[in-house]
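The values are calculated or read from the model by the stated rules, or taken from the named source; none is laboratory data. No experiment lies behind these values; they were computed from the predicted model shown. For neighbour counting, all protein chains shown are included, and Cβ atoms are generated from backbone atoms with ideal geometry for every residue, glycine included.
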Amino acid sequence: MILKLGARNLFEKPVKAISMIFVIALAVAILFCVFSYDASVQSYIYSVETADSGDSDITISYRSDGARIVNMSSLSSLEDDFEYCIGALSVYGLYQNATYVYLRGFERENIDTLFEIECVKGSIDDVVYRSDNVAISERTAKELGLSINSEIPITVMNKTKLFYVAAIAKDNGLFANNAPYNIVGINSGVTRYFNSEWGGFYSEIYVKLKDGVSVPSTIETIKGLAEYQNMKVEYSVDEKSIASKADTLT
């Protein structure tokens, strides 16, 4: 009966029926856009918030009133619980004494542990070949006028060291939060600012736990180690903060 009435109205009042169909279709399209926008915003914020820490569970980093550089030797007793444990030495510097950059140095074997670095020019093998080679993003290359083999003088603490572009990567992963410009290289290349070319010390440590290992318990255990008592030991990702930022933008 309802179908018959609907069909009769469709033929008797075609303009009204077509208008109704258009309104329904428009409403569906708007809802689709809204939900897609929400998902896109959440995805973007997540990629930016995890650009430093990747898929790690725990981050050990310096406090303003605590130690700024540490090594990982004290974590050896917990290594059976780790899927990986890697360090990064990160410093802010000036490129050509004018442009702020964020220089991060990883051990050669760990440079793409947090994220796969998707090179569009050059390769990771080229980056790890020398301690003064680095990878930059496509955006950095474009905005700073850099290309493969470009020389990058970076000044940190009134010391200027030269680096060379060995790879240009997509603007994702370690380069998702490219403000200031992120530059990724080798730990021993960055430790030159601290009068050492041997590497082995870090400003951040990232820990990924094996399945079934408790994150809160491991955080408390690490906090109890003398080496890290004056450092921040916390979840790598603050899910509540990400959700809050996404809600604010949507």
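I'm trying to understand the selection: among the residues of segment 106-155, which are hydroxyl-bearing (Ser, Thr, Tyr) and either part of a strand (DSSP E or B) or without any contact (Cβ under 8 Å) to a residue 40 or more places away in the chain (or both)? Spell out the reasoning first.
Initially, segment 106-155 is screened for residues hydroxyl-bearing (Ser, Thr, Tyr), giving 113, 123, 129, 131, 137, 140, 147, 150, 155.
If the condition is that a residue be hydroxyl-bearing (Ser, Thr, Tyr) and either part of a strand (DSSP E or B) or without any contact (Cβ under 8 Å) to a residue 40 or more places away in the chain (or both), then Tyr129, Ser137, Ser147, Ser150, Thr155 are the ones that fit.
Identify the residue in segment 152-175 that is out of contact with any helix residue (DSSP H, G or I) (no Cβ under 7 Å at 6 or more places or on another chain), more than 19 Å from Cys119 (Cβ to Cβ) and surrounded by fewer than 22 Cβ atoms within 10 Å (Cβ to Cβ) and, among all such residues, is modelled with the lowest pLDDT.
Per the stated criteria, the residue is Asn158.
Could you look through segment 59-70, keep only residues that are in contact with a strand residue (DSSP E or B) (Cβ under 7 Å, 6 or more places away or on another chain) and of a type outside the set (A, V, I, L, M), and pick out the one that is modelled with the highest pLDDT?
This residue is Thr59.
Pull up segment 120-148, narrow it to residues that are closer than 25 Å to Asn195 by Cα and of a type outside the set (A, V, I, L, M, F, W, C), then point me to the one that is surrounded by the most Cβ atoms within 10 Å (Cβ to Cβ). Working first, answer last.
First, pick out the residues of segment 120-148 that are closer than 25 Å to Asn195 by Cα: 126-136.
Subsequent filtering for residues that are of a type outside the set (A, V, I, L, M, F, W, C) retains 126, 129-133.
Numbers: Asp126: 18, Tyr129: 12, Arg130: 15, Ser131: 21, Asp132: 18, Asn133: 19.
Ranking the qualifying residues of segment 120-148, first place goes to Ser131.
Being of a type outside the set (Val, Ile, Thr) and under 21 Å from the mean Cα position of the chain (by Cα) narrows it down to one of Ser90, Ser77, Ser73, Ser150, so name that one. I'd like the intermediate steps shown before the answer.
Details: Ser77 fails: under 21 Å from the mean Cα position of the chain (by Cα); Ser73 fails: under 21 Å from the mean Cα position of the chain (by Cα); Ser150 fails: under 21 Å from the mean Cα position of the chain (by Cα).
From the options Ser90, Ser77, Ser73, Ser150, the qualifying one is Ser90.
Within segment 90-100, how many residues are under 15 Å from Asp52 (Cβ atoms) and either crowded, with 16+ Cβ neighbours inside 10 Å or at pLDDT 95 or above (or both)? Write out each step before concluding.
Narrowing segment 90-100 to residues under 15 Å from Asp52 (Cβ atoms): 90-92.
Now drop any that are not either crowded, with 16+ Cβ neighbours inside 10 Å or at pLDDT 95 or above (or both), which leaves 90-91.
Number satisfying all stated conditions: 2.
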